[in-house]
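Asker: A single structure is presented below for examination.
The values are calculated or read from the model by the stated rules, or taken from the named source; none is laboratory data. None of the values given here were measured: they were computed from a predicted structure. Only protein heavy atoms, including side chains, enter the accessible area calculation; ligands, DNA and RNA are left aside. Shrake-Rupley method; radii C 1.70, N 1.55, O 1.52, S 1.80 Å.
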Amino acid sequence: MNCVICKTGELAPGHATVTLERKGAIVIVKGAPAQVCQQCSEYYLDEETSSRLFAQAGRALEGNAELEVLRYVA
């Protein structure tokens, strides 16, 4: 499959650092499994990974964190 951003890069399994923002708080999750464009580094997450990321970020924000950096947990 080709990247929808650069149109030329091929996607391959890899890992991404995902930044999420909600109500002024930022959560950065490192090491999320993703399909990564070999040309421009754009990444694509599957539904299961996205759900886990949102759940992990939600738990981090429950503690009133303004900035949280996490490692992805499967």
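Asker: Per residue of the range 27-33, what does 6.51 cos²θ - 1.76 cosθ + 1.60 with θ = phi - 60° give for ³J(HN,Hα)? Whole Hz please, x for Gly and Pro, Karplus curve as stated.
Answerer: Each residue of the range 27-33 in turn: 10, 10, 10, 9, x, 6, x Hz.
Asker: In addition: Give me the accessible area per residue for the chain, probe 1.4 Å, as a whole number in Å².
Answerer: Values: 4990 Å² over 74 residues.
Result: 67 Å² of accessible area for each residue.
Asker: How long is the gain from VAL73 to PHE54 if the chain were fully straight, where each residue apart is worth 0.36 nm and the alpha carbon distance is subtracted? Numbers along the way, then the final one.
Answerer: On the way: separation 19, 0.36 × 19 = 6.84 nm, distance 1.15 nm.
Contour length minus Cα-Cα distance gives 5.7 nm.
Asker: Let me ask something else. Working from Cα positions, state the angle (0 to 90°, nearest 10) between the long axis of helix 47-62 and the longest principal axis of the chain.
Answerer: Computed tilt is about 30 degrees.
Asker: Name the residues whose placed amide hydrogens come within less than 5 Å of the amide hydrogen of VAL69, ignoring near sequence neighbours (fewer than 5 apart) on the same chain.
Answerer: ILE28
Asker: Shifting gears a bit: From the phi of every residue in the range 12-25, what ³J(HN,Hα) in whole Hz does the Karplus formula 6.51 cos²θ - 1.76 cosθ + 1.60 yield, where θ is phi - 60° and glycine or proline is x?
Answerer: Calculated HN-Hα couplings, in order: 9, x, x, 9, 9, 9, 10, 10, 10, 10, 8, 6, x, 9 Hz.
Asker: Scan (i) 12.3; (ii) 18.0; (iii) 12.9 for the value of Kirkwood radius over Cα pairs in Å calculated from this model and give just the label.
Answerer: Only one option fits the structure, namely (iii).
Asker: Between VAL4 and CYS40, what length in nm is gained on full extension when 0.36 nm per residue of separation is reduced by their alpha carbon distance?
Answerer: 11.9 nm
Asker: Under 5 Å between amide hydrogens, which residues at least 5 positions from ALA16 or on another chain qualify, with H placed 1.01 Å from N in the peptide plane?
Answerer: Correct list: GLY31, ALA32, ALA34.
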